[in-house]
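J.: One structure follows; several queries about it will come next.
The values are calculated or read from the model by the stated rules, or taken from the named source; none is laboratory data. Everything numeric in this text was worked out from a predicted model, so none of it was measured. FYI the Cβ positions are ideal-geometry reconstructions off the backbone, even for glycines, and counts take in every protein chain you see.
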Amino acid sequence: GAVVSQHPSRVICKSGTSVKIECRSLDFQATTMFWYRQFPKKSLMLMATSNEGSKATYEQGVEKDKFLINHASLTLSTLTVTSAHPEDSSFYICSASQGGRLISPLHFGNGTRLTVT
Amino acid sequence: DAKTTQPPSMDCAEGRAANLPCNHSTISGNEYVYWYRQIHSQGPQYIIHGLKNNETNEMASLIITEDRKSSTLILPHATLRDTAVYYCIVRAQGGSEKLVFGKGTKLTVNP
């Protein structure tokens, strides 16, 4: 089945630094990728939709200048948390769509646990 | 906002069937019902989806009522590894592909 790989699985960074998270579709081309964040004991919250070759669409309340998304190829999207602060500590999860098959399920990466100290 | 309602938690004995209900009374004609689960500290795992007919795969069965306002996910023989949060999501064909997660049901399978 379709596999989505997310890297790194865990990262600890100091306040004020930037962190990049990668999301790759390993065996299919993903025209669209989605980024979610999840706080402890909460559900997943959609942050943005990333389309290959175009600007990401952010959900209301998500700062686009803080969470930079790049979807430069059909198999890779990156999320950069800029000038991270402790409140950005969360579980970040990506998902990918094969596109053109709108009833096909989305496939999720295994998430990245970000801790900002 | 999520368009589904699920009980916050359920318990099931190992080896028994787990029946997880979901209400989606405002579902539209072109919306599918999807089920995902999330085991602690992992990404969501796709289980099954359907439009109006009942569906079965190697993981589970999905029963959708005739009026499509509710559905039930059935894990026929629950194991300890099925302990997870189960999410029922409606998603339109031809519309936005994004999945909007509700709070889900925390299923605990007990030995």
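Here is a yes/no grid of residues against (1) assigned to a loop (DSSP other than H, G, I, E, B); (2) modelled with pLDDT of 95 or more; (3) in contact with a His (Cβ under 6 Å, 6 or more places away or on another chain); (4) small (G, A, S):
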site	(1), (2), (3), (4)
B:S41	yes, no, no, yes
B:Y46	no, no, no, no
B:R81	no, yes, no, no
B:I89	no, no, no, no
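J.: Right, next: When residues of the stretch A:38-54 are filtered for being hydroxyl-bearing (S, T, Y), under 19 Å from A:D65 (Cβ atoms) and surrounded by 15 or more Cβ atoms within 10 Å (Cβ to Cβ), how many remain?
T.: Pass one, the stretch A:38-54, residues hydroxyl-bearing (S, T, Y): A:43, A:49-50, A:54.
Keeping just the survivors that are under 19 Å from A:D65 (Cβ atoms) gives A:49-50, A:54.
Those still in the list that are surrounded by 15 or more Cβ atoms within 10 Å (Cβ to Cβ) too: A:49-50.
Number satisfying all stated conditions: 2.
J.: Which of (1) loosely packed, with under 13 Cβ neighbours inside 10 Å; (2) away from every other protein chain (no Cβ under 14 Å); (3) more than 14 Å from B:A18 (Cα to Cα) does B:P111 not meet, given it meets every other one?
T.: Every condition holds for B:P111 apart from (3).
J.: Among (1) buried (at least 20 other Cβ atoms within 10 Å of the Cβ); (2) away from chain B (no Cβ under 14 Å); (3) under 29 Å from B:P8 (Cα atoms), which single condition is A:W35 missing?
T.: In the conditions (1) buried (at least 20 other Cβ atoms within 10 Å of the Cβ); (2) away from chain B (no Cβ under 14 Å); (3) under 29 Å from B:P8 (Cα atoms), A:W35 misses (2) alone.
J.: Got at least one residue in the stretch A:71-91 being hydrophobic (A, V, I, L, M, F, W, C), assigned to a strand (DSSP E or B) and farther than 19 Å from B:G43 by Cβ? Reasoning before the result, please.
T.: In the first step, residues of the stretch A:71-91 are kept if they are hydrophobic (A, V, I, L, M, F, W, C); the result is A:72, A:74, A:76, A:79, A:81, A:84, A:91.
Pick out the ones that are also assigned to a strand (DSSP E or B) and you get A:72, A:76, A:79, A:81, A:91.
Add one more test, that the residue is farther than 19 Å from B:G43 by Cβ, and what stays is A:72.
Yes, the conditions are met somewhere in the stretch A:71-91.
J.: Continuing with the same structure: So, in the stretch B:60-102, of the ones that are within 14 Å of another protein chain (Cβ to nearest Cβ) and surrounded by fewer than 16 Cβ atoms within 10 Å (Cβ to Cβ), which residue ends up nearest to A:N51 (Cα to Cα)?
T.: Here the residue is B:S96.
J.: Would you point out the residue of the stretch A:13-31, among those that are among the charged types (D, E, K, R) and over 16 Å from A:Y92 (Cβ atoms), that is surrounded by the fewest Cβ atoms within 10 Å (Cβ to Cβ)?
T.: Restricting attention to the stretch A:13-31, the residues satisfying the condition of being among the charged types (D, E, K, R) are A:14, A:20, A:22, A:24, A:27.
Checking which are over 16 Å from A:Y92 (Cβ atoms) leaves us with A:14, A:27.
Details: A:K14: 8, A:D27: 11.
Looking at the filtered set, the residue picked out is A:K14.
J.: Okay, moving on. Would you confirm whether any residue within the stretch B:13-36 is of a type outside the set (G, A, S), over 26 Å from A:F39 (Cα atoms), buried (at least 18 other Cβ atoms within 10 Å of the Cβ) and modelled with pLDDT of 95 or more? Before you say what the answer is, go through the steps one by one.
T.: Within the stretch B:13-36, the subset of a type outside the set (G, A, S) is B:14, B:16, B:19-24, B:26-27, B:30-36.
If we keep only those that are over 26 Å from A:F39 (Cα atoms) too, we end up with B:14, B:16, B:19, B:26-27, B:30-32.
Subset that is buried (at least 18 other Cβ atoms within 10 Å of the Cβ): B:27, B:31-32.
Cutting the leftovers down to modelled with pLDDT of 95 or more gives us none.
The answer is no, given that none of the residues of the stretch B:13-36 is of a type outside the set (G, A, S), over 26 Å from A:F39 (Cα atoms), buried (at least 18 other Cβ atoms within 10 Å of the Cβ) and modelled with pLDDT of 95 or more.
J.: Okay, next question. Say we look at the stretch B:91-111 and pick out the residues that are within 12 Å of B:Y34 (Cα to Cα) and assigned to a strand (DSSP E or B); which of these is modelled with the highest pLDDT?
T.: Top of the filtered list is B:R91.
J.: Report yes if some residue within the stretch A:91-104 is at pLDDT 95 or above, more than 9 Å from chain B (Cβ to nearest Cβ) and under 21 Å from B:F101 (Cα atoms); otherwise report no. Spell out the reasoning first.
T.: Residues of the stretch A:91-104 that are at pLDDT 95 or above, as a first pass: A:91-94.
Remaining after also requiring more than 9 Å from chain B (Cβ to nearest Cβ): A:92.
Next, only the ones that are under 21 Å from B:F101 (Cα atoms) stay: A:92.
Yes, there is a match, as at least one residue in the stretch A:91-104 is at pLDDT 95 or above, more than 9 Å from chain B (Cβ to nearest Cβ) and under 21 Å from B:F101 (Cα atoms).
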